[in-house]
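What follows is a set of notes on a single structure, which appears directly below.
The values are calculated or read from the model by the stated rules, or taken from the named source; none is laboratory data. The structure presented is a predicted model; accordingly, all values stated were derived computationally and were not measured. Here the Cβ positions follow ideal geometry from the backbone for every residue, glycine too, while neighbour counts run over all protein chains shown. To get the accessible areas, we keep the full protein, side chains included, count just its heavy atoms, and leave off ligands, DNA and RNA. Shrake-Rupley method; radii C 1.70, N 1.55, O 1.52, S 1.80 Å.
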Amino acid sequence: MKAPRFAYARPASIAQALALLAEHKDDARVLAGGQSLVPMLNFRVAAPKVLVDVNRIGALAGIKVAKDHVRIGALTRHVELERSEEIARHLPLLSQAMPYVAHPAIRNRGTFGGSCALADPAAELPACALALDATFVLAGKKGERRVAAKDFFKGLYATALKPGELLVAAEFPRAKAGYVSAFGELARRHGDYAMVGVAIHGSTKGGKFSQLRVAFFGVGDRPVRAAQFERALDGEAATPTAVEGALAKLDADLQPRADLQASAATKLHLAKVITGRALRQMEGVAS
Ligand SMILES: Cc1cc2nc3c(=O)[nH]c(=O)nc-3n(C[C@H](O)[C@H](O)[C@H](O)COP(=O)(O)OP(=O)(O)OC[C@H]3O[C@@H](n4cnc5c(N)ncnc54)[C@H](O)[C@@H]3O)c2cc1C
């Protein structure tokens, strides 16, 4: 199928983009990498009257390292995150996750902001943002506002973005000394959206787990933290035995729904398998 007719605008600045979004409200849709939106247009799942192409807005792109955080512009391509030495140094969880985001051709065009604004519940980057306690920077006609990752993802393909707002960037606290990350995912084919995945960040200083943040994707309508599992490991020796002992807590944390890929029970089982595997391989965990 072909996309329905739409008007096309290519603003050169954030201010121009916001003016267009304010003018057209629900009739407008931001076009970033187009890797999800263009298929949605072609399948007629989306039919905006106006596409606001933000690809020329340099201020939306790039990775900036500040004293205490790393700012990732919404228009930063997946491939830039994947290859960035600064991301590898300061946000290693993202470097671990990026090879699982779609396929190289899609990563060349797809953007960090597009992935987070789309909020597919099986996507890697929203779960990483939750595990890393990122803050999203949203701009509207009245100025900027900041929304914590835990409040940004509202449900199935739903975020805190209001009509007329643009996702500008996200700010990630820089990983502190002794803090390490682990990532795990199962998909039918490498590059497909996950059947289930997990993003983990926390400390193994002194041979003990602390401040673990464990975020799952592909198990609900949005990325979910596993609070009981995190509590069960807090202060425990960073050993495979402790990990095995705590995995049963995921029964209370996760309520996956069956989908075309797997039953709810299979998803829960797989969540435990990949979490155990990821934590056993995490730096600082005894072998
Ligand atoms: C075959 C295939 C496999 C894929 N597999 C995966 C996968 O395994 N994991 C994964 O995470 N993704 C996957 N994707 C999706 C891919 O990562 C997309 O690039 C991403 O989801 C959307 O990014 P985009 O820049 O292309 O956004 P677009 O397609 O341009 O936009 C997506 C949505 O976000 C909105 N949007 C974009 N930018 C902004 C902004 N700055 N402010 C407000 N709204 C905005 C758009 O209006 C639209 O609603 C896959 C895609 C394909 C086609």
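Report the residue count in the stretch 236-282 for those that are outside any helix (DSSP H, G or I), within 18 Å of TYR179 (Cα to Cα) and more than 22 Å from the chain's Cα centre (by Cα).
The qualifying residues number 4.
Out of everything in the stretch 62-84 that is surrounded by fewer than 15 Cβ atoms within 10 Å (Cβ to Cβ) and over 23 Å from GLY202 (Cβ atoms), what residue ends up being nearest to the ligand (Cβ to nearest atom)?
In this case the residue turns out to be GLY62.
Quickly run through the stretch 19-52 and pick out the residues that are open to solvent by less than 50 Å² (accessible area, probe 1.4 Å), in contact with a strand residue (DSSP E or B) (Cβ under 6 Å, 6 or more places away or on another chain) and more than 9 Å from the ligand (Cβ to nearest atom).
Of everything in the stretch 19-52, those that are open to solvent by less than 50 Å² (accessible area, probe 1.4 Å), in contact with a strand residue (DSSP E or B) (Cβ under 6 Å, 6 or more places away or on another chain) and more than 9 Å from the ligand (Cβ to nearest atom) turn out to be LEU20, VAL50.
Filtering the stretch 112-126 down to residues that are of a type outside the set (Asp, Glu) and in a loop (DSSP other than H, G, I, E, B), which residue is farthest from the ligand (Cβ to nearest atom)?
So the residue we want is PRO121.
Filter the stretch 198-227 down to residues that are crowded, with 16+ Cβ neighbours inside 10 Å and either assigned to a helix (DSSP H, G or I) or in the same structural domain as HIS90 (by TED's automatic domain parsing) (or both), then give me how many there are.
1
Restricting attention to the stretch 155-197, which residues are within 30 Å of VAL65 (Cβ to Cβ), among the charged types (D, E, K, R) and assigned to a loop (DSSP other than H, G, I, E, B)?
LYS162, GLU165, ARG174, LYS176
Report yes if ARG145 is within 14 Å of the ligand (Cβ to nearest atom), within 18 Å of HIS69 (Cβ to Cβ), modelled with pLDDT of 95 or more and open to solvent by 30 Å² or more (accessible area, probe 1.4 Å), otherwise no.
Spelling it out, ARG145 is indeed within 14 Å of the ligand (Cβ to nearest atom), within 18 Å of HIS69 (Cβ to Cβ), modelled with pLDDT of 95 or more and open to solvent by 30 Å² or more (accessible area, probe 1.4 Å).
With the structure loaded, tell me whether LEU18 is over 30 Å from ALA215 (Cα atoms), touching a residue at least 12 places away in the same chain (Cβ under 8 Å), not in a strand (DSSP E or B) and not assigned by TED's automatic domain parsing to the domain that holds GLY202 or whether it fails that test.
Considered against the rule, which asks whether it is over 30 Å from ALA215 (Cα atoms), touching a residue at least 12 places away in the same chain (Cβ under 8 Å), not in a strand (DSSP E or B) and not assigned by TED's automatic domain parsing to the domain that holds GLY202, LEU18 comes out as yes.
Step by step: first the residues of the stretch 154-195, then only those that are in contact with a Pro (Cβ under 7 Å, 6 or more places away or on another chain) and aliphatic (A, V, I, L, M), then the one that is nearest to the ligand (Cβ to nearest atom). Which residue is that?
So the residue we want is LEU156.
Out of all the residues in the stretch 251-273, which are among the acidic types (Asp, Glu) and either surrounded by 14 or more Cβ atoms within 10 Å (Cβ to Cβ) or not assigned by TED's automatic domain parsing to the domain that holds TYR193 (or both)?
ASP253, ASP259
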